[in-house]
Every structure is written in C-alpha cells, then in structure tokens.
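What follows is a set of notes on a single structure, which appears directly below.
The values are calculated or read from the model by the stated rules, or taken from the named source; none is laboratory data. Predicted, not measured: the structure shown is a model, and the values here were computed from it. We place every Cβ from the backbone using ideal geometry, glycine too, and count neighbours over all the protein chains shown. For the accessible areas, the whole protein counts, side chains as well, though only heavy atoms, and no ligand, DNA or RNA atoms are used. Shrake-Rupley method; radii C 1.70, N 1.55, O 1.52, S 1.80 Å.
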Amino acid sequence: MSHRLPEHPDWLWRTPDPRRSYDVVVIGAGGHGLATAYYLARNHGITDVAVLERGWLAGGNMARNTTIIRSNYLCEESAALYEHALKLWEVLPEELDYDFLFSQRGVLNLAHTLQDVREGTRRVNANRLGGVDAEWLDPDQVRAFCPIVNTSPDVRYPVLGATLQPRAGIAKHDHVAWALARRADAYGVDLIQGCEVTGFLRDGDRVVGVRTNRGPIAAGKVALAAAGHSSVLAGLAGLRLPVQSHPLQALVSELLEPVHPTVVMSNHVHVYVSQAHKGELVMGAGVDAYNGYGQRGSFHMIEHQMSAALELFPIFARAHVLRTWGGIVDVTPDASPIIGPTPVENLYLNCGWGTGGFKATPSSGWVYAHTIATGEPHPLAAPFALERFTTGALIDEHGAAAVAH
Amino acid sequence: MLLIACPWCGEREELEFHYGGQAHVAHPADPEQLSDGEWGEYLFVRDNPKGPFAERWSHAAGCRRWFNVVRHTVTHQILAVYPAGEPKPVIP
Ligand SMILES: Cc1cc2nc3c(=O)[nH]c(=O)nc-3n(C[C@H](O)[C@H](O)[C@H](O)COP(=O)(O)OP(=O)(O)OC[C@H]3O[C@@H](n4cnc5c(N)ncnc54)[C@H](O)[C@@H]3O)c2cc1C
Ligand SMILES: [Zn+2]
C-alpha cells in the first residue's frame, strides 16, 4: 500500500437530499453508522438505505478518538467481537481500496501493581485460549520493545510488566470513515448530513420512520448509531437505556520525530500514548466522573494524564501540547456495548461502546447489519442484547475495556 | 473544573468531591415484589438528560457529607445545591 494520503473527501460521496422513504434509516454517520450501511449493502444486498447525520459525516466521536485498535479483552464474548473487528481491519484497506494507514505496531498494557500483574497474566491466558495473540513481557522486555518507557524501579509506580498484543495498533480514523462512506455511497446508500432526527413516526407499537429537521422520512427499519446521544434519541421513542453520557478528552503534542514505536496504555497511572503517522503524540485518559454533553472535559483530567505520561516517558518533558478536545461517550454499567432489537418494533439499538468503540467499527457494522437485515441477533452480538440488564448476564469488562470508565 | 458550593463548607474545587450519580433514586419499598424487569431498571437504569440533572455529590476531601446538586449537563452551570433528603427544587 502507498503511504500517500488519499484524496480530499468532497469527491468521495454524493450529498443527496433525503428521499421520502427508505428500507432502512440509520441514525448517526459516525464510524458505526457508516460501517452498518456498508455491510447492509455488501453482505445483505440492502441498498435502499439512508444514513442521517445531524452534523457532518464522522464529526462526532469518530473524529475525536485516539484510534487505538486491539482485541485483548477478558470475557469471551467481547474478545470474540473485537477479534472479529481486528480480522476485518486486516482486510479492509484492500477491500475498500483505500489506505487508511492501519499500523499493527502492537499495544502494551502496563502493570504497576501486583494486582495489575495478576489481571494482565490472566488476560493473556484468556486471550490465548480464545485464539487472540497475547504475550506477557517482563520489565526488561518492555524496555526492549519500547525503549522510551521509563522502567526504572525508582518511580512512584514502577513498571512490573506488561501485556503485549502484537497485532494491535492504530489507524487513521477520518480516512476509515471516508473509505466506508465512499463504498456505501457507491452501493447507492444516501449519506445525508445536516439532518437531525427529532422524533419517530409511529403506527401503534411500531416505528415507521423518523421526523427530521428536513421533514419526515418513512422507514421499514430504524437503526440507532448515535453514540453519546443514544439515550436522548431512545427517549424520543419512549425507551430508557442503561447508559450514561460522559465527556472524554484527548490531546496531541506538536509534531516530533518518530520516537514511540508502539501504543502504551496504563490503567493504573491512567494514560495512553501513541505517536500518530505525522508525528504528534496522541494521549488520552479516563472519562470525567459526571454526566455531560458539553464536548469538553475538565482541565484537571489533562493535568492528571500529563503527570502520568511524564513519569512513564521522561523524554516528553519538553513537548508542547498543541490541541485538546472532548467527545461524549455512552457508558453502560458493565462497560460493554448494547446491540440488538428494542421493545419497539422495527427500532434497533447499537450503543454503549463507551471509550472503546473505534476498534470495533467494522464488526459493530457487520453484526448490526446482520441483526437489522435478518431481524435476528448475529451470534457475536446476541450476548450484548439489552435483555442482559434484566437477566443479569452482564459482560463485565471494566478491567479490560479501557482506561477507567 | 467545576466550582461546587458544599452546603456546609462553601465553594470548593471539583477535585475535593466524589460524584454519586442521579439523586432521588429511592430503594424499592418492597424489593421481593419486584419483577426481574423492575429490579434491573432499579439497579441499572438512570436518567441521562441533556439539560438540568439532579445528582449527588459527596465532599470527600472535606466534611465528607453527601448533598444534592442540580447541574445543566451541557453548560455545567450549577442551578441548585440542597441537602440530601430535601425535595428537588423547581428549576424555572
Ligand atoms: C477522546 C476519545 C478517545 C477515544 N479513543 C478511542 C480509542 O483509542 N479506541 C477506541 O476503540 N475507541 C476510542 N474512543 C471511542 C470511540 O470514539 C467511540 O466508541 C465510537 O466512535 C462510537 O461510534 P461512532 O463512531 O458511530 O460514534 P460517533 O462518531 O459519535 O457517531 C454518532 C453520530 O450520531 C450523530 N447524532 C447524534 N444524535 C443525532 C440525531 N438526533 N440525528 C442525527 N444524527 C445524530 C452524531 O452527530 C454523531 O456524528 C474514544 C472516544 C473519545 C471521545
Ligand atoms: Zn463540605
């Protein structure tokens, strides 16, 4: 694959006016909505589809995430879903004929306490049993793999080891969205920006379309893919969801020479750092504790992640922060997504990806498209149904899901 | 960073506080009467409004007392602060 940046997005898709009716209306043109539309067309031949976006295409969390892709989750259900995604990431640049710079440079999850070591080694074993690549590295091996990590025993939380997933990495998120959008558009899917869904058209218990700021649109099926705004939309359909929306922020430094060969995450001191293709250090941490839709986070979170980053990477002490931003992520009680039908007929739900949904983009779209097309949950999605909050069959991923929900 | 007025200590930085989620969620009076659906709802489902939200905070690094706040979840403006146990004030 070339490493020339792909063409400007203006020419990658049409900008049609909404028609009055579609087989499927997807709400939200983030990565998940676009992947859903792409796989509805590619895997199921359903092309009478509109993706409605209130802002601009992929301007939500898709534009704001730190692009880490990995599948080293603990529970079988999640590892299977994220590993399905990772396998798709490995073929998608070719399939979409678009180089979105997927770079399998590996992800290290550092351990700083005995409990971290136990959690990490347990997860490595679980991953290997599930067919996911995973290794345990001791501090010397960590230093060999990523020489800029401070593995000195003299810091407050010394590095006691790390898990490594070699096939994990990063991708250029906006190019991923454009690649999916271009192909969905080529199949005939209408991608409609500046179109906000403000309510649902009902026929008794069934949803038969949506109200928008550009008029009503009838739909055979309506599929939510609205990330942090899912509960606002579900509320318009009379549903209460077990999700809470929180600000999550990230930042980048100025451009630097290539110094950082892999992705490093630390739950304990609370930061994750990678180096983007252009050279910026990309850093993130946990969500703000409180609910919010303000698309910015608290300053003390930045201070916290920077102090953690500096202890782990003393080499970054003089780097300047160029830009910080926030997104709104939807967090569930078990830190796992919700995918499937809802109690409202013809209304489908895909939400709750919290701080970690970018890595799932292709499999989220794959299983969601299957669920919408067939009316039956895809086998990989079945455990993630809304009913788990009634049955109690939770998929508790708080340990492995991300850096502190 | 929020500036929160503890009813007992006055205005302090958010860092001194611990967040406790939605306020006024009463424990079911008759838990054994609840269906699985109702029990799941009580345990896992909370309001998540884009607008004013009544929530609990504890002054963890101060007087350690719990109290309630109404905060706008977009602007983060604090619209009311009141002791736990008191009804939610009417926000105009
Ligand atoms: C700072 C930050 C860092 C992150 N880092 C990572 C990471 O490293 N790895 C990882 O895997 N994940 C990460 N994530 C999480 C990831 O970004 C999300 O889980 C994922 O993007 C969610 O799916 P999406 O792309 O479809 O959401 P979005 O891109 O948010 O798409 C939802 C869309 O719905 C639209 N919408 C909402 N309401 C309406 C309406 N009423 N009508 C029409 N449209 C509407 C929104 O405008 C938005 O464009 C991060 C998130 C943030 C904020
Ligand atoms: Zn106090």
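For the protein assembly as shown, the per residue solvent-accessible surface stands at 42 Å², with DNA, RNA and ligands left out and a 1.4 Å probe.
So which aspartates and glutamates pass the test for residue B:88, namely a Cα distance under 16 Å, with those fewer than 8 places away in the same chain ruled out? Excluding near neighbours in sequence, the set is B:47, B:55. For the protein assembly as shown, the Cβ-based charge dipole about the Cα centre amounts to some 720 debye (Lys, Arg positive; Asp, Glu negative; other atoms uncharged). Under the convention that each Lys and Arg Cβ holds +1 and each Asp and Glu Cβ holds -1, the size of the dipole of region B:3-83 around its Cα centre is about 400 debye. Its residue count N fixes a reference of 2.2 N^0.38 Å for chain A, and the Cα radius of gyration divided by that reference is 0.96. Taking 0.36 nm per residue of separation and subtracting the Cα-Cα distance, full extension of the segment from residue A:43 to residue A:345 would add 106.4 nm. A viscosity of 1.002 mPa s and a temperature of 20 °C, combined with the Kirkwood radius over C-alpha pairs in the Stokes-Einstein formula, give chain B a diffusion coefficient of 149 µm²/s.
For chain A, what proportion of DSSP beta bridges, expressed in % and rounded to the nearest 5, is antiparallel? Of those bridges, close to 70 percent are antiparallel.
Taking the longest Cα principal axis of chain A as reference, the axis of helix A:31-44 is set at about 60 degrees. Electrostatic tally near residue A:291: other residues with Cβ closer than 10 Å to its Cβ, Lys and Arg +1, Asp and Glu -1, net 0.
The Rg/Rh ratio for region A:301-398, using Cα coordinates for both the radius of gyration and the Kirkwood hydrodynamic radius, is 1.15. For chain A, the 222 nm mean residue ellipticity estimated from helices alone, with every DSSP H stretch of n ≥ 4 adding -39500 (n - 2.57) and the total spread over all residues, rounds to -8500 deg cm²/dmol. Neighbours of residue A:231, meaning other residues whose beta-carbon lies under 13 angstrom from its beta-carbon, give a summed charge of +1 when Lys and Arg score +1 and Asp and Glu score -1.
For chain B, trypsin sites (Lys or Arg not before Pro) are listed when DSSP marks them as loop and at most 12 other Cβ atoms sit within 10 Å of their Cβ; the list is B:64. Rounded to the nearest 20 debye, the dipole size of region A:8-71 about its Cα centre is 160 debye, using +1 on the Cβ of Lys and Arg and -1 on the Cβ of Asp and Glu. If you count Lys pairs in chain A whose Cα atoms are under 25 Å apart, skipping same-chain pairs closer than 8 places in sequence, the total is 5.
Local charge for residue A:14 was computed over the other residues whose Cβ lies under 9 Å away, with Lys and Arg +1 and Asp and Glu -1, and equals -2.
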